[in-house]
């Protein structure tokens, strides 16, 4: 029988319910000397670029924690027509991704509070980011962690997919 992850017996699935649970979870992962990789995003329409990011992230850590913007924060960042799918739907899809060990949602526009609590060993972002733009980089580097920018898959972004759909079907909201 394999050793279970913290809280696995008491909660089904991969979703960490709140930041306090995440804090306790991180203490246990440190005790067990697990390397934690972290990424975040809206993950509004899951696509090959996201899967590539998750696969690369998992290569760098024992545990991959993915933070997901809630619906309100997605609207603030992306505009009133987003998200396409609700947080519950996005989490359900992300739970099926084998590379992801744990998911947590957040309501702020950035994951800075989560990063401060989690202090992952590695933060990973897609190639459309520059290292100096990565939220939490100072905190992670301050404890000896690092930031990795994963190669970008050209044309594999939610915006490019929505643009393609609009070109095929006409503008969103058109009859």
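Just so it is clear, none of the values below were taken in a lab; they were calculated from the coordinates. On a predicted model such as this, the values are computed, not experimentally measured, just so you know. Glycine also receives a Cβ, built like all others from the backbone with ideal geometry; neighbour counts cover every protein chain displayed.
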When every residue in the stretch 129-153 that is touching a helix residue (DSSP H, G or I) at 6+ places or on another chain (Cβ under 9 Å) and part of a loop (DSSP other than H, G, I, E, B) is compared, the one farthest from residue 78 (Cα to Cα) is 145
With criteria (1) surrounded by fewer than 18 Cβ atoms within 10 Å (Cβ to Cβ); (2) without any contact (Cβ under 8 Å) to a residue 40 or more places away in the chain; (3) over 13 Å from the mean Cα position of the chain (by Cα), residue 73 comes up short on (1)
Considering the stretch 44-64, residues that are part of a loop (DSSP other than H, G, I, E, B) and in contact (Cβ under 8 Å) with a residue 60 or more places away in the chain, and then whichever is nearest to the chain's Cα centre (by Cα), we arrive at 44
Checked against (1) assigned to a helix (DSSP H, G or I); (2) under 18 Å from residue 35 (Cβ atoms); (3) more than 13 Å from the chain's Cα centre (by Cα); (4) in contact (Cβ under 8 Å) with a residue 60 or more places away in the chain, residue 161 satisfies every condition except (2)
Subset of the stretch 111-126, residues in contact with a strand residue (DSSP E or B) (Cβ under 6 Å, 6 or more places away or on another chain) and part of a loop (DSSP other than H, G, I, E, B), comes to 111, 120, 121
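Applying the selection to the stretch 132-147, what residues are within 17 Å of the chain's Cα centre (by Cα), surrounded by fewer than 17 Cβ atoms within 10 Å (Cβ to Cβ) and closer than 16 Å to residue 120 by Cα?
The answer is 146, and nothing else.
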Item checked: Residue check, residue 103 in a helix (DSSP H, G or I) and crowded, with 17+ Cβ neighbours inside 10 Å -> no
ask   = Looking at the stretch 23-38, is at least one residue closer than 27 Å to residue 165 by Cα and in a loop (DSSP other than H, G, I, E, B)?
value = no
